[in-house]
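Since the structure comes first, as structure tokens, the remarks are kept for the end.
The values are calculated or read from the model by the stated rules, or taken from the named source; none is laboratory data. Computed from a prediction, not measured in an experiment: that's the story for all the values here. Counting neighbours? That spans all protein chains shown, and the Cβs are built from the backbone with ideal geometry, glycine included. Ligands, DNA and RNA are excluded from the accessible area calculation, which covers all protein heavy atoms including side chains. Shrake-Rupley method; radii C 1.70, N 1.55, O 1.52, S 1.80 Å.
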Amino acid sequence: MHQGRDNMTKPFSEIKSYRGAPTIHVDGQPIAGSGFWRSLNADERYLADFHQLGVRLVWFSVGTNYWLANGRYDFSSLDQAWERMLKAAPEAYFIPRLYLRPPDWWTNANPKELRMTENGEPYRGTPDEYLDGQVLPSSASTKWRDDTRAYIRAFIEHHEASPFAERIIGYHLSNEQSEEWFYWGGPDSDYNPQNVVRFRDYLETIYASDEALQEAWADPQVTLACTQLPRIADRRSPQEGEFFSPAAQQQVVDYYRYKHTNMVDIISDFTHLAKDLTDRRALVGVFYGYQLQSIPRGQLDSGHYALAKLLALDSVDYLSSPTCYAGRELGSGYSYFMSLQASVRLHGKLWIDENDIRTHVPAPSNEGFGKTLTLADTISMQRRELANALCNGAAYWWMDQGGGWYADPKLLQELGWLHNLMTKAMQGDRSSRAEVAVVIDEGSVMWRASRSRLQSHMGITEIGHLGAPVDFILLSDLEEARDYKLYYFKYCYRQNRALRAMIRRVLERSQGMAVWIDKPGWIDEDARTAGIDNAQQLTGLQIPGVREPGVREPGVRSVWLQDLPDAAALRELCREAGVHIYVDSGDVVYADASFITVHSQEAGEKELTVLPGEQLTDVVRNCPLETADGVARLTMDASSTAIIYRGNRSAWNDLQ
């Protein structure tokens, strides 16, 4: 427990490693990572349903409607909602999710603080941004930041001084499009003069003098004091094919580096405030790092490619996103997170999956986005979601977006079983067993135009069907990460002396195979050149040109492929690299030190290759899974999910 400055006793919450995975701890005790999200206005009986299942983590969303005027706030209606929630779930721990778009009265009163288009007009939100013509604050506005800090302060101070504080273990801060911290307006904004000033301030941290800037930008007239934002036309006109020219378009690249960095600077400002206001006793989380998900206004203008900077913050404890919207189909699909879970985990932070997959239950807003049509399909889908979180050291919340998505007694019984499984599994070894690293270089996105042929989010579902678990990781984290047998450099289009040396050290240390895609290292940031010579320098392969399907060299554990490989091709490369392939049938596998899970495409007998001497228990059926000659045979229905414990039945039953 934590004794606050107001002498109130409140829970102390933190993320610590527990049996090999980041875990929420409350007053020193680990908490199972399955939770419930609700709309504040939903019927409390749905919250009570999950409370009765034993689920103790609860998120709910609130906005700025309690912000009546500058310095005036009224939280009385929210206090009433708290009383109803605590009556329904008295033993729950809550994390309010605070959406920070200011009220309309604020934007109407502050015309100089608005997000602007290139022609100097206020940008107006559009339906694909869940808006309808509203004007929006500039992210560069000092007044917006100051006034928002004041609202955050009022909100948290009110809660920390309230009787509800003893049930609050964190605060989730959200903003921008769909509350997920990617820029409203995308490429069409922000040309507010304050954004120009902040861009200049950023450039002063990069360039020591006007002369250095002039050389980099190939412009003898530019100075740090007179730089401007690049025009939209220039940001859409790469001069090196799909790439911005390192010799002629450094201004554009610097702008995008600033744009992504600026988003994390805002998050840092607000999350540090939240940490300080709680004496660092509460968790703080955000949505961020959507590098494996197509973002509506494009990856380049999203603001989500400064993940390394965000992971270095001591003010962010967990990151989150919805389950990726691609691959939600049963059987042929693949559940995966929008961000790079291995990097999040490496930095000691928790990934929380927002499980908003629609169920078979007739309820408001319960359509589309992977919706299942029968109870059996819903159960299989929910088991696959659990398998992804369980084997990747993540947590998740069931999102009851419209209220009543889970209002089926048989489904609730299944979710209670899954929650109990998540709780029990915490006592096993939760360390990763992935031998494949899928590597993303977030710095490469700054060099590639928005309509480039391959994006960082493409081809992920194929990876999921190779038959072995994988880690998704930042290039910049490879040296600190453990060794892998295969490094799939999926999105790595730039290089420099430091990156080349680091990659060489990692490959020599691990003796892992390198798989390169498309135009690896095409941009040399030191030489300020672009082209195939750079790709050959980085890979050590004589790449003949992009017209060829692939290149191998005898005796060299490195391969170049022109296009993204399908699951079968990637599986064969993994097999050559010595990766343990669990199934060879194109099914999805998640696995860690304690579990193997399989999601089937087609019905039939699956041959599961096991480690020597390994005993297995089918957790769903609670029975041993017989093995012979290193193979366990598993009979599965189409689009079903098996959950297997790596140990005998007695060991499984002994876990508490």
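Quick notes
- Among the residues of the range 118-149, those identified as farther than 19 Å from residue 63 by Cβ, touching a residue at least 60 places away in the same chain (Cβ under 8 Å) and open to solvent by less than 30 Å² (accessible area, probe 1.4 Å) are 123, 140.
- Elements of type helices (runs of 4 or more DSSP H) contained in the range 407-521, each with 2 or more residues being touching a helix residue (DSSP H, G or I) at 6+ places or on another chain (Cβ under 6 Å): 409-425
- Taking every residue in the range 195-208 that is farther than 11 Å from residue 265 by Cβ and in contact (Cβ under 8 Å) with a residue 40 or more places away in the chain and pairing it with any residue that is in a helix (DSSP H, G or I) and open to solvent by 50 Å² or more (accessible area, probe 1.4 Å), at least 6 positions away or on another chain, the pairs with Cβ-Cβ distances below 9 Å are 206/257.
- Looking across 298, 289, one residue alone is in contact with a helix residue (DSSP H, G or I) (Cβ under 9 Å, 6 or more places away or on another chain) and either more than 26 Å from residue 519 (Cβ to Cβ) or crowded, with 24+ Cβ neighbours inside 10 Å (or both). It is 289.
- Residue in the range 632-652 that is touching an Asp or Glu at 6+ places or on another chain (Cβ under 7 Å), part of a strand (DSSP E or B) and open to solvent by 20 Å² or more (accessible area, probe 1.4 Å) present: yes
- Among the candidates 499, 478, residue that is modelled with pLDDT of 95 or more and open to solvent by less than 20 Å² (accessible area, probe 1.4 Å): 478
Yes/no per residue for (1) at pLDDT 95 or above; (2) closer than 19 Å to residue 383 by Cβ; (3) open to solvent by less than 10 Å² (accessible area, probe 1.4 Å):
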{"site": "562", "(1), (2), (3)": "no, no, no"}
{"site": "570", "(1), (2), (3)": "yes, no, yes"}
{"site": "573", "(1), (2), (3)": "yes, no, no"}
{"site": "578", "(1), (2), (3)": "yes, no, no"}
{"site": "581", "(1), (2), (3)": "yes, no, no"}
{"site": "585", "(1), (2), (3)": "yes, yes, no"}
{"site": "589", "(1), (2), (3)": "yes, yes, yes"}
{"site": "597", "(1), (2), (3)": "yes, yes, yes"}
{"site": "609", "(1), (2), (3)": "yes, no, no"}
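- A Cβ distance below 8 Å, combined with a sequence gap of six or more or placement on separate chains, defines the contacts here; from the range 635-656, residues that are farther than 13 Å from residue 331 by Cβ reach residues that are assigned to a helix (DSSP H, G or I) and among the charged types (D, E, K, R) in the pairs 643/383; 655/424; 656/424.
- Candidate set from the range 74-88 (those that are without any contact (Cβ under 8 Å) to a residue 60 or more places away in the chain and open to solvent by less than 40 Å² (accessible area, probe 1.4 Å)); member that is nearest to residue 62 (Cα to Cα): 78
- Taking strands (runs of 3 or more DSSP E) as the structural unit, those lying wholly within the range 565-615 and holding at least 1 residues that are touching an Asp or Glu at 6+ places or on another chain (Cβ under 8 Å) and of a type outside the set (Ser, Thr, Tyr) correspond to 595-599, 604-609.
- Only listed residue being open to solvent by 10 Å² or more (accessible area, probe 1.4 Å) and within 21 Å of residue 36 (Cβ to Cβ), chosen from 347, 360: 360
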